Amino acid sequence: MVLGAGPAALCIVSELVQQGLEVIALASHSPEKPWPNTYGIWAEELEPLGMTSLLGHRWTNTISYFGDGVGKKGQLPIEHNFDYGLFDQVALQRALLDKCNGMIWCEETAYKIHYLKENTEVICVSGNSYQARLVIDASGHKSKFISRPDQGPVAQQAAYGVVGRFSSPPVEKDQFVLMDFRPDHLDEKQVHEPPTFLYAMDFGDGVYFVEETSLACSPPLSWNTLKERLIARLAHRGVEIEEIIHEEHCLFPMNLPLPARNQPLLAFGGAASMVHPASGYMVGALLRRAPNLAKQLAKALALDPPLDSASLAKEGWDVLWTPELVQRHRLYQFGLNRLMSFNESYLRNFFATFFRLPKEDWSGFLANTLPLPRLLVVMLRLFFISPLHIKLGMVGLVKI
């Protein structure tokens, strides 16, 4: 049984169905309900999966700005020379639903979960109950059913974005801007507040997407604050919003503790803390990791004598969070905690240094595809090429 109807739920359900398993899916709404947010990914991540056709847009002209915005030098971009894509949400959703082979979701809201001797029972708000040998919670990071340790305040990424038409182009034609950290539109007070950056792209036909993003903050920046900063950033460059086609509001945890991996309930997606702690990306990980998890669960479900729910969940947790993935996750969390201590100037300098790494290193870091030994080498290399003040900030020897 799978709880949820978002990208994580559709990813794992579709793979379980492909393994020939009988799956029940419960969600408070139809899986065909349009997803509210956009999902970006480095196009190269999709090539081994044969899924690049699901991109609605793909940009070759990909850049970032980490200068101070003052003078010619402060306005120069860093060119990434790496294709970035934005999923066609309808196409991605449809492709996953088609792999579910017409399976019907039960529109129910889970209320309680009981662990029986061999099965797991889910009791819904409606009073209906369902039993399955294993339940996978893919309902998102707000799930009340997944237990995890309390490790203090959780940092959240927040963003406010607009798809629309503007008085003049906010970015160049056919351009994608991963991060524009230039602070020249901020007043003296705002410079000392938590930093934010612009994430923007040209959709063509006079339509652009611009989004003001806070990488990670606890407590998170409000959407009103992000909206004000976005409007101020655009106004500083002589750009006004003329038509809003779509507004986007994002808020999700970046350093959510890993779930307790001895619980009889398995999770996937945000509920399983699969958001990349250093970048906020997750869809690539969902697409890569769902097939292996489904294959292992299919093998475990076929064992004789049959495993109970707790044993099946353990099989799943062992695949989903291997010792190497756990260590990589901890390294990323450590890095995020250091970045959260950086002020605006330090953060700009850090990212300018980060993108001096070889492309295969920084892209693998952001996608979480580097093996642990390679990840350690990349992090050490980043440390050694960083300016002294960034080195001291990385190890917490300066108060920023």
Quiz prompt | Difference of contour (0.36 nm per residue) and Cα-Cα distance, S28 to L251 | solution = 78.3 nm
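For each pair in K314/K391; K99/K173; K72/K359, compute the distance between the two Cα atoms and list the pairs where it is over 30 Å.
K314/K391; K99/K173
Ranking request for peptides 7-17, 254-264, 26-36: highest mean number of other beta-carbon atoms within 10 Å first, then the rest in descending order.
Packing proxy ranking, top to bottom: 7-17, 254-264, 26-36.
Please give the FRET efficiency for N292 paired with N262, using the beta carbon to beta carbon distance and R0 = 30 Å, rounded to the nearest 0.05.
Working: r = 21 Å, r/R0 = 0.69.
About 0.90, to the nearest 0.05.
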Exercise. Could you work out how far apart the two model spin labels at D187 and Y111 are, taking each label as a point 7 Å from the Cα in the direction of the beta carbon, and quote it in nm?
Key: 5.1
Quiz prompt | Inter-site label distance for A302 and E79 at 7 Å from Cα along Cβ, in nm | solution = 5.2
Practice problem: Calculate one ³J(HN,Hα) per residue across the range 146-158 by plugging θ = phi - 60° into the Karplus curve 6.51 cos²θ - 1.76 cosθ + 1.60, and present them in order as whole Hz with x for glycine and proline. | Solution: 8, 8, 8, x, 8, 10, x, x, 9, 7, 10, 8, 10
Self-check item: Approximate spin-label separation V326-I123, in nm, with each point projected 7 Å along Cα-to-Cβ
Solution: 3.3
Quiz prompt | Fully extended contour minus Cα-Cα distance, from E242 to K142, at 0.36 nm per residue | solution = 32.5 nm
Practice problem: Place the peptides 173-183, 150-160, 108-118 in order of packing, highest mean first, counting for every residue the other Cβ atoms within 10 Å and averaging per peptide. | Solution: 173-183, 150-160, 108-118
Self-check item: Gyration tensor verdict on the range 84-155 (Cα atoms; rounded if a/c is under 1.5, prolate if a/b is larger than b/c, oblate otherwise)
Solution: oblate
Exercise. Take the alpha carbon gyration tensor of the range 342-394, find the square roots of its eigenvalues, order them as a ≥ b ≥ c, and report rounded if a/c is under 1.5; if not, report prolate when a/b exceeds b/c, else oblate.
Key: prolate
Self-check item: Under the Karplus curve 6.51 cos²θ - 1.76 cosθ + 1.60, θ = phi - 60°, whole-Hz ³J(HN,Hα) for the range 40-49, x wherever Gly or Pro sits
Solution: x, 6, 5, 4, 4, 5, 8, 4, x, 8
Quiz item: What are the ³J(HN,Hα) values, in whole Hz, obtained from phi via the Karplus relation 6.51 cos²θ - 1.76 cosθ + 1.60 with θ = phi - 60°, for each residue of the range 67-82 in sequence order, with x given for Gly and Pro?
Solution: x, 8, x, 9, x, 4, 5, x, 9, 6, x, 9, 8, 8, 6, 8
Quiz prompt | Mean residue ellipticity (222 nm) of the chain, computed from DSSP H runs ≥ 4 via -39,500 (n - 2.57), nearest 500 | solution = -10000 deg cm²/dmol
Quiz item: Going by the alpha-carbon gyration tensor, a ≥ b ≥ c the square roots of its eigenvalues, is the range 132-214 rounded (a/c under 1.5) or, if a/c is not under 1.5, prolate (a/b greater than b/c) versus oblate?
Solution: oblate
Quiz item: Angle, helix 344-354 long axis vs. longest principal axis of the chain, Cα atoms, 0 to 90°, nearest 10?
Solution: 70
Self-check item: Potential extension, R165-S311 segment - 0.36 nm per residue separation minus Cα distance
Solution: 47.2 nm
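Any read-out appearing in this document is the output of simple, stated calculations on the displayed coordinates, not a laboratory observation. What you see is a predicted model, and the numbers here were worked out from it, not measured in a lab. Because the Cβ atoms are built from the backbone with ideal geometry, glycine has one as well, and the counts that use them run over all protein chains shown.
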